[in-house]
Structure formats: C-alpha cells, structure tokens
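Notes for the one structure printed next.
The values are calculated or read from the model by the stated rules, or taken from the named source; none is laboratory data. What you are looking at is a predicted structure, and each value in this text was computed from that prediction instead of being measured. Glycine also receives a Cβ, built like all others from the backbone with ideal geometry; neighbour counts cover every protein chain displayed.
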Ligand code: SF4
Ligand code: SF4
C-alpha cells in the first residue's frame, strides 16, 4: 500500500482516495437518506444515535490537545472544542444537534440522556475515542481527516432535507449549515499538519491506515442504525418449537438445530416482518419492566439469528 | 455412561449413486450392500429417533433419489415430526420429481455440485449432469424450499471459488458449503491428485472473506482441509454426542466412517431398539466423552472443542483409532500429516515443470 507515498502529492492523493472509496457518503443508509427514502423512524433513530458520536468529538479533541507540545497547534485545535461545545450553554454544535433532534420529533432530554443509544453505535464511537487514546498525535489527526469529505456531504444533505423531508423544520438544519464551512476549514488545517509531519513512508502508511480505520468506524455506526430500523422476520423454512424435553425454544433449520434459552422465544415470536428491531426491543423491555435494559441483548441476539439464517431483515417502511 | 441426547439423524437410505466422484467417502464395496431397510423400517427408526429427542433428519446416501419409495420415506420422517433435509446430487430425482417430495413433507434440500462450469463439473462427476443440477436447484427455490449448495473443493476447482459463489447467489442458495476433500474412502486412493496447495487455499480463503463482507446470504462455510489446519475438526459434535448415523443395512454409528474401524461393535436398528443402539452399543461408547482420550488430549484445554479430532483419520493414518488425530499440531504423529502435505507440494512442482 505504499504506492505513491514517496511524494507528498502522492500521499495527499492516497488520503483523498480513501475518502472517495470508503467514506460513509457511499453507505446505503446515507444514499437512501439523500434520495429521500428514509422513513421518519429511520431519521429519528439516526439523529438520536448520531448524537452519541457528537458527544464523543470534543472528548477526543481534548485528547488530541493533550498530545501536542506545541502552543500553536493547541491554539488552533481548541477551536474545534469551542465549535462543538460553544462559548456558553445554548451554543455550539452539540446544541445545534439537539435542536435537530427536536425538529425531527424527538424528546430533547431523552436524546441528551443517551439512554437509547444502540450498542453497535456505542461500540463504534467508543472505538474512535479509544483509537485516539492509544495512537500518537499524527495518527489521531489523520483519523480526523474525514472532515475533508464532510463539507460536501453536508451540502447534499441540506438539499435532500429541504426537498424530501419538509416535515423537518428549517431551524433544525442549522447544524448541517454550520458544518459546511467549519469542516473544510478544520480539514485543510489538519491536512496541512499531516502532510508536513508525516515525512517518512512508514509514517504516511500509519496515517493512511488511521484514516481507513476512521472510515470503518463511521460506516459501522450507520450499519448499526440501519439494522435496528429493519423489520426482522423468522424465515419461512425455519421450524420454531418449544422442545418437549427441555421446554426451551428450539429452532430447526436445514443445517442446524439451535437450542435457545432465556427470552429467545419471546423475541422470535415478535419477528413477524412488521415490527422493527427497535420496536421488538422496546416491547421486550415493556414485558420485563423490572429488569435491566435488554435492548443490547435483543439486538445482539437478532444479529446472531440473522447470521445463523433463522431470521432475515426486511427494509423499514413508513 | 449416560448417553447424551442426539439431535440429528443421518439416514443413509442407500449406497447406490449414479455419479462417480473420485473423492466419494462411501465404502468402496458398496455394491455388496443392498438397501436393507424398507420404508416401514425407516418409519420405525424415525419414530424411535424422535422419541430420543432427534429433531432433524438428513436423508442421504449414496443418492437417496435412487430409492423408488423416497416419497414414502419423506412422509414417514415428517409424520414423526422430524425436520427433513434431502441430501442429493439432483439426479435421478430431477426437477419434476421434487413436487411429490414436497407434498410428502420435505422441508429443505442440499444439492451437491462439482464445479461452477459444466465441463469441469461433469468431468468430476463422471457423467453429464450439470445442467440438470442447475434446473433442479431452480425447482427447489420455485417450490419455496431453502437450498443448500455443497461443493467439494480440491486442487482442480479451488481456483473457481469466486465463480462458485456467484452461482450460489444466482441460484438464491441459503447456504454454500465449500467442503474441502476429506481423505477417506475413494479420496484416500486419489489423495495426491486432489490435495490442494497452501497457496490455492489461501487465495480461496481470501475470496470467501470478500464474499462474506458483501452480505450475510448465502452463508458460506469454508473449512480448511485437515491437512492444512493445525487443529483437527470437531467430529460431528463429538463421537456419540449429538448425531447418529443409520446405514442402509441398519447399523447405528456415530459417523458414517466409523463402521470401518476394526474391533468396534455397533448394533443394528433392525435387531434392537434404537435407544439401545445409541446408548449401549460398545462401539458407541468406545470414544464417547473424554475417558478414552490419550495424551495430549486428556489435559488439553481444547478438548471440549474438537474432542481429540477424528477417530477414523487417527486410525487410517496411525493404525490406532484411539490416538490423537495426527491433523493436530500437538499430536505425537503430526509428522504424518506434514509429510502428506509436502507430497502435494512436490507433485505440483513436478507438474509445473512438465512441458
Ligand atoms: S470420526 Fe472422522 S469420519 Fe467420523 S465423523 Fe468424525 S471426523 Fe468424520
Ligand atoms: S491435543 Fe487433542 S484435544 Fe488438544 S487440540 Fe489436539 S486434538 Fe484437540
């Protein structure tokens, strides 16, 4: 993967190519968002979950600050934290995102509480923070270069929301508007830093890998959001039964017998191709109000069942 | 010893088969064994199996389609409340022969194909059958049954794994089993001609990884052949643990090769209740659980995963079924497998030099 990395120009081209090929503007969920195909529920789920990502950004930026011994660097980088957190309560990117949440019909306090963030989204975002924690300044800045591609996606997104999702009030889109100029400014600065400081091929390779990793993380976030909006359905050829000997839920498939314990029967009974995975998780929670949160377990179980061929996922519908 | 509950019955309905695959693991003397159990006897086996806790039956052979009373047998299995999987090469059932089986309660089909291209597939099968198989696969889906495709991989088709996956997608297969040749039965005789090289396997593994990334279906199973993995495969969920095989003449075995191990006494479902054949036959108990295990399996942390490997392979390679499977890198006789592997590499070099 070192082709072209001998020259600064080749290095920059390699970084930009990653964006072309792997940035989440190509993710099916984003493509559908921009084509106006998402349901209200999907938009809400995305906004609620993406908020978790937003909350991690200033944390990782704080970590990056602490990695630099240069006052010039810190003076510049700290701008990002100001952008996100604002100079006082009621300002900044996080606040604007909450306004978006309200505009799409979510409860502000609920979103802020992070109580319903999906496990897959949490994992993806935490992985980003951990990446920055465990890698050096250069790689951390390189990972942030997805901003290079963010400006364009915001322009597309604003147009898509205005055109396809008129039910979202215009004030809700202020976050996107703010990013159309912030992201390219930050990215130019970050890019210059990376180009100047990665002057060996191994360093450049590390930067490329960091940016790829970051793209994977953003991709994983959308994967998780997309999946909970689908409607799981037990495949018609599966035989779901309650075992005569054990009383446990058993699923028989062409090539395997699954012995399932716990609430798997209750979950599978709800996989009728009508309810979304998220609704199934909520229903299960409602059925066990005294217990701890079951959403994580439900989503992990559904993933496992899909992998084993017991359920398939139908796309979301309005 | 208290026998565990079996979940899966492998019903070998016949050894007859119209194909002639060089890696077939059926006994070499299959012609000498007739189809001992009639449909009524199978019906009894199915009922007894269900009472033992079995939920799933694989109707296999040879070629189960070679039996004229197949529909009756399928009906008996489904009446016993077993989930049925027909394991077939597609002929002689044919697309038209499927509907009566579905009416009789057939739930799913595993179809073996030999390759993704007709000439190669027919060459391996020893007869022109590829087009018929494709038609058969489409009929399976048209009738709403899930389709499992099984392709035995070897040196001559490993390079076409991508095409095979494409074909599986196109046929809307639920699952694709890319089985690497096991070197028992006929395949032992042809071992040197079939063994793939490590590079071939590595390339195929890469193709499989990419295909898996593209989506969950078809589920792709790809297992390295024993000769190239450094741990043995878990055998049928453990000897006499989860599955039982009933052969065309009624013998009850832990796996379809086990009947060929000398000195093991298995019982016959025609003579005794299936429960006794499963729980009490001396052969069934010979390698059940962990008490029989030799060093190093006895204390190995992986023994619950692979159960010490394949008894039959241990026997074929070392002459003693109670040894650690030489496919395991920890086995005292692992060098036997290493030698076989270099045999494959050596032959390839020789071929490469030929004009
Ligand atoms: S003993 Fe060997 S041949 Fe028999 S099932 Fe196990 S692995 Fe297969
Ligand atoms: S030593 Fe035995 S139990 Fe351990 S990995 Fe090898 S075969 Fe399996």
Query raised in the report: With respect to residue A:308, is the statement that it is within 14 Å of chain B (Cβ to nearest Cβ) and within 21 Å of the chain's Cα centre (by Cα) true?
Result: no
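Does the range B:264-283 contain any residue that is within 16 Å of ligand 1 (Cβ to nearest atom) and at pLDDT below 85? Explain how you work it out, then say what you get.
Filtering the range B:264-283 for residues within 16 Å of ligand 1 (Cβ to nearest atom) gives B:264, B:266, B:278, B:281, B:283.
Pick out the ones that are also at pLDDT below 85 and you get none.
No, the range B:264-283 contains no residue that is within 16 Å of ligand 1 (Cβ to nearest atom) and at pLDDT below 85.
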Would you confirm, using the coordinates I've provided, whether residue A:43 is in contact (Cβ under 8 Å) with a residue 24 or more places away in the chain, farther than 26 Å from residue A:162 by Cα and under 20 Å from the mean Cα position of the chain (by Cα)? no
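So which of A:313, A:231, A:274 is within 14 Å of chain B (Cβ to nearest Cβ) and touching a strand residue (DSSP E or B) at 6+ places or on another chain (Cβ under 8 Å)?
Residue meeting the stated conditions: A:313.
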Residue set A:265, A:261; condition surrounded by 15 or more Cβ atoms within 10 Å (Cβ to Cβ), touching a residue at least 12 places away in the same chain (Cβ under 8 Å) and either touching a strand residue (DSSP E or B) at 6+ places or on another chain (Cβ under 6 Å) or away from chain B (no Cβ under 14 Å) (or both); output residue A:265
- Task: Kindly establish whether residue B:291 is farther than 21 Å from residue B:5 by Cβ and either within 13 Å of ligand 2 (Cβ to nearest atom) or surrounded by fewer than 18 Cβ atoms within 10 Å (Cβ to Cβ) (or both).
- Result: no
task = Would you check if residue B:258 is under 24 Å from the mean Cα position of the chain (by Cα) and modelled with pLDDT under 95?
result = yes
With respect to residue B:317, determine if the residue is within 12 Å of ligand 1 (Cβ to nearest atom), more than 14 Å from every other protein chain (Cβ to nearest Cβ), touching a helix residue (DSSP H, G or I) at 6+ places or on another chain (Cβ under 6 Å) and part of a helix (DSSP H, G or I).
yes
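Yes/no per residue for (1) within 12 Å of ligand 2 (Cβ to nearest atom); (2) surrounded by 15 or more Cβ atoms within 10 Å (Cβ to Cβ); (3) farther than 22 Å from residue B:198 by Cβ:
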{"site": "B:301", "(1), (2), (3)": "yes, no, yes"}
{"site": "B:304", "(1), (2), (3)": "yes, no, yes"}
{"site": "B:309", "(1), (2), (3)": "yes, yes, no"}
{"site": "B:318", "(1), (2), (3)": "no, yes, yes"}
{"site": "B:323", "(1), (2), (3)": "yes, yes, yes"}
{"site": "B:329", "(1), (2), (3)": "yes, no, no"}
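Say we look at the range B:237-252 and pick out the residues that are within 14 Å of chain A (Cβ to nearest Cβ) and buried (at least 21 other Cβ atoms within 10 Å of the Cβ); which of these is farthest from ligand 2 (Cβ to nearest atom)?
The residue in question is B:244.
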For helices (runs of 4 or more DSSP H) lying entirely in the range A:117-229, having 1 or more residues that are surrounded by fewer than 17 Cβ atoms within 10 Å (Cβ to Cβ) picks out A:119-134, A:147-164, A:174-197, A:201-229
